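One structure is given below, encoded as structure tokens.
The values are calculated or read from the model by the stated rules, or taken from the named source; none is laboratory data. The structure displayed is predicted, hence computed values, not measured ones. Virtual Cβ from ideal backbone geometry, glycine too; neighbours counted across all protein chains shown.
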Amino acid sequence: MFAALLSQHAIGDVGLYLCFLLGQFLFILKRAASAIRNPVNPIKSRRQFIRANLDVLSIRAALEGLIIYYPWRHIALATILGWFHIDATSGWPSEIIGTGIANGLVAAIGLGYASDSALDGLSQWSKLPAWLSRWMKENIPPVPASLAQTSATDIRAMGQKSSAGIAADKENIPTVKP
């Protein structure tokens, strides 16, 4: 019944968007695994990571859907290249320019994974213009630090602090003399 209300193109859009979300979810699982393995992070399970960051992950998924998925599915590559003043008629294979990049299930999964990965990389890129970096920090909340983002020096420093704290506690333990 639901399929009768949608056109064939809309059904294809829904199916490919679900594959796009699956690709994003795969990157979220990768990020959750890094957070679990991080000695500083209090998160102990992937389910806890998703629950704790559902709002951030939803905002990122919506933005990536609008910025990446929609143009990939509905705008010709020649038009997108034209926005950047790139002549798409010279030196490009006509099947890529005419129809756009492949619109298959595997391509949608790969695009979802790549878009989430690219947004992560872009948000941490030091050469990002200051206005764009400021806008991203204000409007796209960061996902908690993962092991890849925690330097070895930070981990050693945390270990030294905890060792020093244990030694200090041992010195302050009152001894009972019989």
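For every residue, the table says whether it meets (1) in contact with a Pro (Cβ under 9 Å, 6 or more places away or on another chain); (2) assigned to a loop (DSSP other than H, G, I, E, B); (3) surrounded by fewer than 16 Cβ atoms within 10 Å (Cβ to Cβ).
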position: Asp13; (1), (2), (3): no, no, no
position: Val40; (1), (2), (3): no, yes, yes
position: Phe49; (1), (2), (3): yes, no, no
position: Arg60; (1), (2), (3): yes, no, no
position: Tyr70; (1), (2), (3): no, no, yes
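Using the structure shown, decide if Phe25 is surrounded by 14 or more Cβ atoms within 10 Å (Cβ to Cβ), on the phi < 0 side of the Ramachandran plot and under 12 Å from the mean Cα position of the chain (by Cα).
yes
Residues being closer than 25 Å to Trp72 by Cβ and modelled with pLDDT of 90 or more: count how many of those fall in the range 18-49.
Count: 13.
For the range 122-139, how many residues are free of Cβ contacts under 8 Å to residues at least 24 places away in the same chain and either of a type in the set (D, E, K, R) or not in a helix (DSSP H, G or I) (or both)?
Residues flagged as free of Cβ contacts under 8 Å to residues at least 24 places away in the same chain and either of a type in the set (D, E, K, R) or not in a helix (DSSP H, G or I) (or both) within the range 122-139 amount to 8.
Do you know which of the residues in the range 72-94 that are part of a loop (DSSP other than H, G, I, E, B) and not hydrophobic (A, V, I, L, M, F, W, C) is modelled with the lowest pLDDT? Quick ask: steps written out before the conclusion?
If we filter the range 72-94 for residues that are part of a loop (DSSP other than H, G, I, E, B), which is where we start, we get 75-76, 84-93.
From what is left, the residues that are not hydrophobic (A, V, I, L, M, F, W, C) are 85, 87, 89-91, 93.
On the way: His85: 78, Asp87: 73, Thr89: 65, Ser90: 65, Gly91: 63, Pro93: 58.
So the residue we want is Pro93.
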